[in-house]
Amino acid sequence: MDNQPPDAVRMKQTRLTILSYLNRLYPTPLQVCTLLRVLLAFDETYSLSLLTKDVTYLRQKGYVEFVDEKIGGFEHYNKKFVGLTAEGKEIADRTATDDALEI
């Protein structure tokens, strides 16, 4: 783990879990509220605010996108549909790497 702080490892694990779970359903997107329930099964202290930060980070990296925005989008964040991009699929499949997500 290269002596990474526990919070950094946990954050990376969560982001990889998000990518991995979306990869299972690829190319089908998943509603944010459903993704939150999946993550709560792994960590009951996880929250919508943490998911918002993680999804925002993954969007900025180009790994996920809100597919509903292509048709106007939903106003409420938890009703949005998030899906993998081609780059996100490569990271989830481990055919590409990102040092920022390596544990």
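Derivation of every value follows stated rules applied to the coordinates shown; laboratory data play no part. Please read all numbers here as calculations on a predicted model, not as lab measurements. Positions of Cβ are generated from backbone atoms using ideal geometry, with glycine treated the same way; all protein chains shown enter the neighbour counts.
Restricting to Cα atoms and excluding each atom paired with itself, what does the Kirkwood estimate give for the chain in Å?
13.9 Å
When the helices in the chain are scored as -39500 (n - 2.57) per DSSP H run of 4 or longer and the sum is shared across all residues, what 222 nm value do you end up with, to the nearest 500 deg cm²/dmol?
After summing the helix terms and dividing by the residues of the chain, the value is -16500 deg cm²/dmol.
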Original post:
Arranged by the count of other C-beta atoms within 10 angstrom, fewest first, what order do 15, 94, 59 take?
Top reply: 94, 59, 15
**OP:** Eight or more residues apart or on different chains, and alpha-carbon atoms under 15 Å: count the Lys pairs in the chain matching that.
**Re:** 7
Subject >> Fully extended contour minus Cα-Cα distance, from residue 26 to residue 61, at 0.36 nm per residue >> reply: 10.8 nm
Original post:
Between residue 38 and residue 13, what is the label-to-label distance in nm when each label sits 7 Å out along the Cα-to-Cβ direction?
Top reply: 1.8 nm
Subject >> Angle in degrees between helix 48-61 and the longest Cα principal axis of the chain, rounded to the nearest 10 >> reply: 90 degrees
Subject >> Size of charge dipole - the chain - debye, nearest 20, with Cβ of Lys, Arg +1 and Asp, Glu -1, no other charges >> reply: 280 debye
Subject >> Residue with peak Gaussian network fluctuation, the chain [Cα springs, cutoff 10 Å], from 18, 91, 71 >> reply: 71
**OP:** Could you work out the local net charge near residue 74, counting Lys and Arg as +1, Asp and Glu as -1, over the other residues with Cβ closer than 13 Å to its Cβ?
**Re:** 0
**OP:** Report the one residue of 63, 30, 5 whose Cα lies farthest in the direction of the positive end of the charge dipole of the chain (charges on C-beta: Lys and Arg +1, Asp and Glu -1; origin at the Cα centre).
**Re:** 30
Subject >> Rounded to 10°, Cα long-axis angle of helix 6-25 versus longest principal axis of the chain >> reply: 40 degrees
